[in-house]
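Below you'll find the structure, written out as structure tokens, and then a few comments.
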Amino acid sequence: MSDCLEERRQRWLPDIREALELVYDDVDLLSRVDDLIRKAHSKRPAELKRRDRQRLLNPDWFQRESEVGYVAYADLFGETLRGVAERVGYLKELGITYLHLMPLLEPRPEPNDGGYAVADYDKVRSDLGTMDDLERMATVLHGAGVSLTLDLVLNHVAREHRWAASARQGVPRYRDYFHIFADRSMPDEYEKTLPEVFPATAPGSFTFDQEAQGWVWTTFNNWQWDLNWANPDVFIEFASIVLSLANRGVDCLRLDAIAFIWKRLGTNCQNQPEVHAITQALRGIARIVAPSTIFKAEAIVAPSMVTTYLGSGARAGKVSDLAYHNSLMVQVWSALAARDARLAAKSLSAMRPKPTTTAWTTYLRCHDDIGWAIDDRDAASLGWSGPAHRAFLADFYSGVFPGSFSSGADFQSNPGTGDRRTSGAAASLAGLEKALEDMREAVGDDLPKDHAGMTVWFDGVNLAVSRLLCAYAVIIGFGGVPLIYMGDELGLRNDYSFLGDPGRRADNRWMHRPRMPWDRAVLRNREGSLEHKVYSGMRNLIATRKRLAGLHAAVESSVSAGSDPAVLVVARRHPAGDIVQVYNFSEHRTWVAWDEIGVPVQDTTEEISRRSIDVGAGSIELAPYGSWWISGIDAMPSRP
Ligand code: GLC
């Protein structure tokens, strides 16, 4: 059966050509790309070609309200890729349709930044399995209605990668794959405007390599060598990696640290226009060969910049399909700490709309630290100081701020800039770890039981669970693909065992990368257990989301604060029916008047609890950390 390869070439080659001409002065490049396209297409398995056709008929598949993501390390979730495939039932039970498995290609030996230092893109990490296992796992996932996301680490490779090894041996072709400088003069010039990513453990952005006899650009750790994307051979290498992963059944490629790939003197070497042109060219190639494969940008950059990764101007809709909504994550934590949603409303409503064919991935936690990306001007508009609020958030979530409910830790404190980021599991940051400690301190290990033998949890514990669920309700209801970070569905707390591991001790992001405790996961179905409390709440939010067509990502959410500053209102105006969400970011009961949120039109329902709302009362009453998703309403247009 024809699968329209020629039509797709005609459709996408002009976009590829335009982008390549902007970046590379190389007349042969397009024909090299076209060769690659034909070869990869001839090798594409028939089953994946069928998947391509299905998705071309459903181009909005990843924007739908039915999409829900899960993020896990393959070994920590299932031991091996086969083990992951065997756990697919667990994902189905929760309602998951998208699985991001953290880096699983062969890395350098530890330390390897959790796999983000790839030594071989053609090999799976040997303890996890083989490329064939990867293919088989993808097939099992697809059969269960789950798509597979893998990382494409494209800013750097491990110092041990064969390209870097050849560069170290002085092979000119491979020295050109990297940025290697004979002396400090250029590195010093660049460093005048370069921020440091790991100031505490890998200061600076260049590393002297004895063997290479030069200063190598290393934005992250000194064994992660930045690639020279100005070299067309590097582009061809990655185009080929993209297609080979797509041909194994990968549905989505997470473009790791994409903001950093283009270097320009006098800038912070992030978000350069060439980054978007290169993405457009790579995506065009994927659209031709493997149109069921999409791209997700990992660009943790200022809110004013992040929408460019989904495309703006002439690149609208031509770059990544998904991008992380970092600002939403930061604002949810900020509002919870401050019991004040006004900054969230201010910052989120200032963001530019994204192309209607794209979607955010929304998340509360991931494997990384949280950088307190608060815009100074947004803070000033409320009369707050940006630096002071950032310092407050770092203090609050590390737990040192008086009265803080959180148990986290500082990550990469930079005394030079005062910048501090935060590590910690969602449940610990939301107060569950502290509340449980308080309870155990009061009653010991002998937890009180009611007459039916159920544990009677202290109010503080229940409150922390409500706080976690309130935060996840925002993430699941916002529109876009919500990502559940492994273990959050069970309320897993920090895991301090990394401190005993010399390869990991220096990187406290490992505290929020626990191993899945399958024995405890069983408790998710035992009423009265803590795991059940969190899990049943999450599962209900997910099931509720799937019923609401108004959560399709093609429309934007508009965000405002209530007259009680602790209240956030998220309005979604959608032809299939408006949804207004109201969140209480405080431990106090509060009321929201109807005229703050919209006009009830018919059978007004609170969808999370499925209760119909008595609209006769002039206001709705929100419990501490209460979340309401209201349907049967004509949402208010967003207010200034
Ligand atoms: C991304 C990853 C992070 C890693 C970095 C360098 O930001 O999420 O874990 O350290 O890239 O690869």
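Only the coordinates and a few stated rules stand behind these numbers; no lab work does. Because the structure is a prediction, the values reported are computed rather than measured. Using ideal geometry, Cβ is built from the backbone for each residue, glycine included, and neighbour counts are taken over all protein chains shown.
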GluC sites (Glu not before Pro) within segment 142-222, DSSP loop, no more than 13 other Cβ atoms inside 10 Å: Glu211
Sorted from largest to smallest, which semi-axis lengths in Å does the alpha carbon gyration tensor of segment 29-114 give for its equivalent ellipsoid, taking the root of 5 times each eigenvalue? 28, 23, 13
Report Rg (one decimal) and Dmax (nearest whole number) for segment 85-185, counting Cα atoms only, units Å. 17.6, 57
Give me the orientation-averaged projected area of the Cα convex hull of segment 542-640, in nm², one decimal. 6.0
Mind sorting Thr80, Thr308, Thr193 by how few other Cβ atoms lie within 10 Å of their own Cβ, fewest first? Thr193, Thr80, Thr308
Kindly flag which residue pairs out of Lys49/Lys546; Lys192/Lys296; Lys318/Lys546; Lys434/Lys533 have an alpha-carbon separation exceeding 23 Å in this structure. Lys49/Lys546; Lys192/Lys296; Lys318/Lys546
Ranked from fewest to most other Cβ atoms within 10 Å of their own Cβ, Asp368, Asp459 fall in the order Asp459, Asp368
Determine the distance separating the Cα centre of segment 77-109 from the Cα centre of segment 188-202; give it in Å without decimals. 35
Scanning the chain for trypsin sites (Lys or Arg not before Pro) in DSSP loops with at most 14 other Cβ atoms within 10 Å, what's the longest stretch left with none? 1-183
Over the Cα atoms of segment 162-226, what radius of gyration and what Dmax do you get, in Å? 11.5, 34
Bins of 20 Å, beginning at zero and ending with the bin holding the largest distance: percent of Cα pairs per bin for segment 325-640, please. 32, 58, 10, 0
Give the order of His367, His161, His156 when sorted by the count of other beta carbons within 10 angstrom, beginning with the fewest. His367, His161, His156
Could you give the spread of the C-alpha atoms of the chain along their three principal axes, from largest to smallest, in whole angstroms? 73, 54, 49
Within segment 307-425, what percent of beta bridges assigned by DSSP are antiparallel, to the nearest 5? 60
